[in-house]
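Enquirer: Before I ask anything, let me first share the structure, which is written out below as structure tokens.
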Amino acid sequence: MVQKVRKKVTFFTVLGLILLGISLLAPYIVKNDPYETNAFYMKAVPNLQFPFGTDKLGRCIFSRVLVGARMSIFPSLLLVLITMAAGILLGMLAGYYGGVLDQIIMRLVDIILAFPQMVLAIAVAGVLGGSMINAMIALGLTGWTLFARLARGQVMALKHEEFIHAARLSGNSNLRIMFVHILPNIAGEMIVNASIQIGSTMIGIAGLSYLGLGVQVPEAEWGSMINEAKGYMQQAPWAVLAPGIALFITVVIFNLLGDALSEYIGIRSTNDE
Amino acid sequence: MKHYITKRLLLLIPIILGLTFLTFALLYITPGDPAKKKLSAQGIAVTNEVLEKTRQEMGLNQPFMKQYLDWFGKFLKGDLGNSFKDGTSVADKLSKGMRYTFILSFSAFFLAITISIPLGIYTAVKQNRFVDYFIRFLCFIGNAVPNFLLAVLFIYFFCIYIKVFPVVAKGNMQGLFLPALSLALPLVSRFIRQIRAAVLEQLNAEYITGARARGNRETYILFRDVLHNALISIISIFGFSIGTLLGGSVVIESIFMWPGVGKLMMDSINARDYPVIQGFVIISAMIYVVVNLLIDLCYQLIDPRGEE
């Protein structure tokens, strides 16, 4: 059982890494220039030269989907990492020190969670103006709260354990206890939760881009490509389908990775006891 | 119970203060003078004189906290300020659109419930059989399709390919179906999982074994005991779907031109009409908070063993 789950984790991790690799290397491996317009090949049906066809400006959709992967995958992973780091830090501080600091941080979490997440993200991205950084800020504003709550709960449970008392008695500083003795114990669960968040973050970023609140034209990104192409879907459905399917498959792969990781951690913790 | 309600209501005060403060601050997180933003939204040429006059009118020369308290005071009276674009009351604009958004969200929720309750129960009863795996597979797929992609594909299939629905909704009954379906399907996959888990938990409970041992028929057990207890957990579904519905309405209403607050929000973002954006955010947040409070209270009423 453990073997099987471990295989699953490895498989989806490798798939995820391949996707990430493609997204980073895309500009160097595509045959056609994703930004080159071509008046002779407007809305061309998929063919040998243009595997996914072309859009209304004659740009190669295959190249745009591959190059768009960078703008769709990389920011999501980065955002999840940043919100995880920020959330863990604030959650650990709240849980470890308690008192006023805990009150301030947790009330802030309560207030942010009182906004419907996507409404706040759309509003913040809309007010800040469309750019990928602003879209990431808008989603990150709510993203860290999950990790902060989880980390706080875990730290509060751990801080009365004997090994923490022992660490304190042997003269470790609070910071050292937090980062050297507590963090490794909660890291596993945090990483699993982060992996579960990747898919929905990707959908969030693509959604903001679709609304015109993420990357700006002519930059290739899956959400904005779908938005651009939906106007002439009747003549060139491939211009919507290609980025749509790419987004769907990527989200599925990262969701499966999240599922596999949580299963793995679940099995490991029951085996430990 | 009384003690619990008072406690929950008191906890609401700091949350509402925080919500309103953050919403008010939305106007100030972008660099630039709000008076200039207002004038450019109206398309008026910015001269020093006009600018100073607008600043006076908007109370921008006062300290930030004073401005916030004024805004908050008006908010308590139901006044959300006036639109930058046409000067009309934001509260009026929102209440006009809210009717449509309510119709759309309610239809979507109703649709989601009618699809997912039977399927959720069915998958639980047929646990680990082919149907169970198949429906769970579909749910997994549904979970990975963004709502905007779903809406665009629906338009392509139903409006262009087989031509059974109009592309532009125009707020009538015929136009309601596709936007409601696009909003509902992402909820369905979450609902089915939740309901399946709730029913399974009940089915594995000891009292069910007892009921079986007494010779009750399986359908009788299912409808009398299991559903009765599982339906309690379905209330909580409503709570978390409100947020998804409000956020989704912005996307879906813009795609289908449904004249609700979601479309108003998107139009206001494009027109840089900040008071309307603020109004939409604060009203959504208030609805979200109040609905979740009511759900918690319902829980407490149904099952007083809960917290404290």
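The values are calculated or read from the model by the stated rules, or taken from the named source; none is laboratory data. All figures in this text were calculated on a predicted structure; none of them were measured in a lab. Methodologically, a virtual Cβ is constructed for each residue, glycine included, from the backbone with ideal geometry; neighbour enumeration extends over all protein chains shown. Please note that ligands, DNA and RNA were not included when accessible areas were found on the heavy atoms of the full protein model with its side chains. Shrake-Rupley method; radii C 1.70, N 1.55, O 1.52, S 1.80 Å.
Enquirer: I need the full set of residues from the range B:111-134 which are touching a residue at least 60 places away in the same chain (Cβ under 8 Å) and either aliphatic (A, V, I, L, M) or in contact with an Asp or Glu (Cβ under 9 Å, 6 or more places away or on another chain) (or both), in order please.
Expert: B:L111, B:A112, B:I113, B:I115, B:I117, B:L119, B:I121, B:T123, B:A124, B:V125
Enquirer: Additional query: Give the range B:97-151 a look and list any residue that's part of a helix (DSSP H, G or I) and of a type in the set (S, T, N, Q), or say none.
Expert: Scanning the range B:97-151 gives B:T101, B:S105, B:S107, B:T114, B:S116, B:T123, B:N143, B:N147.
Enquirer: Six or more apart or on different chains, Cβ atoms under 9 Å: show the pairs whose first residue is in the range A:230-254 and more than 22 Å from A:T13 (Cβ to Cβ) and within 9 Å of chain B (Cβ to nearest Cβ) and whose second is assigned to a loop (DSSP other than H, G, I, E, B) and β-branched (V, I, T).
Expert: Listed by first residue and then by second, the contacts come to A:G244/B:V145.
Enquirer: Mind checking which residues of the range A:87-125 are part of a helix (DSSP H, G or I) and closer than 18 Å to B:I277 by Cα?
Expert: Within the range A:87-125, A:I112, A:Q117, A:M118, A:V119, A:L120, A:A121, A:I122, A:A123, A:V124, A:A125 meet the criteria.
Enquirer: In addition: Please tell me if A:L150 is in contact (Cβ under 8 Å) with a residue 24 or more places away in the chain, farther than 30 Å from B:A271 by Cα and more than 9 Å from chain B (Cβ to nearest Cβ).
Expert: yes
Enquirer: Right, another one. Which one of A:M84, A:M118, A:M136 is open to solvent by 10 Å² or more (accessible area, probe 1.4 Å) and within 11 Å of another protein chain (Cβ to nearest Cβ)?
Expert: Every option except A:M118 fails the conditions.
Enquirer: Let me ask something else about it. Which condition number does A:P218 fail, the rest of (1) closer than 30 Å to A:K4 by Cα; (2) open to solvent by 10 Å² or more (accessible area, probe 1.4 Å); (3) of a type outside the set (V, I, T); (4) touching a residue at least 40 places away in the same chain (Cβ under 8 Å) being met?
Expert: Of (1) closer than 30 Å to A:K4 by Cα; (2) open to solvent by 10 Å² or more (accessible area, probe 1.4 Å); (3) of a type outside the set (V, I, T); (4) touching a residue at least 40 places away in the same chain (Cβ under 8 Å), only one is false for A:P218: (1).
Enquirer: Then there's this: Looking at A:I198, A:I205, A:I105, which one is in contact (Cβ under 8 Å) with a residue 12 or more places away in the chain and either open to solvent by 40 Å² or more (accessible area, probe 1.4 Å) or farther than 30 Å from A:R70 by Cβ (or both)?
Expert: One residue alone meets the criteria, A:I105.
Enquirer: So A:S76 clears everything in (1) in a helix (DSSP H, G or I); (2) among the polar types (S, T, N, Q); (3) farther than 30 Å from A:A151 by Cβ except one condition, right? Which one?
Expert: With (1) in a helix (DSSP H, G or I); (2) among the polar types (S, T, N, Q); (3) farther than 30 Å from A:A151 by Cβ applied to A:S76, the lone miss is (3).
Enquirer: How about the range A:126-145: which of its residues are in a helix (DSSP H, G or I), within 20 Å of A:L81 (Cα to Cα) and touching a residue at least 60 places away in the same chain (Cβ under 8 Å)?
Expert: If the condition is that a residue be in a helix (DSSP H, G or I), within 20 Å of A:L81 (Cα to Cα) and touching a residue at least 60 places away in the same chain (Cβ under 8 Å), then A:M132, A:N134, A:A135, A:M136, A:A138, A:L139, A:G140, A:G143, A:W144 are the ones that fit.
Enquirer: Tell me, which helices (runs of 4 or more DSSP H) wholly within the range B:208-308 include 2 or more residues that are among the hydrophobic types (A, V, I, L, M, F, W, C) and within 11 Å of chain A (Cβ to nearest Cβ)?
Expert: Here the list reads B:227-256, B:261-270, B:274-302.
Enquirer: Continuing with this model, one more query. Picking from A:L78, A:L66, A:L93, A:L89, which residue would you name as being farther than 23 Å from B:L17 by Cα and surrounded by fewer than 16 Cβ atoms within 10 Å (Cβ to Cβ)?
Expert: A:L78
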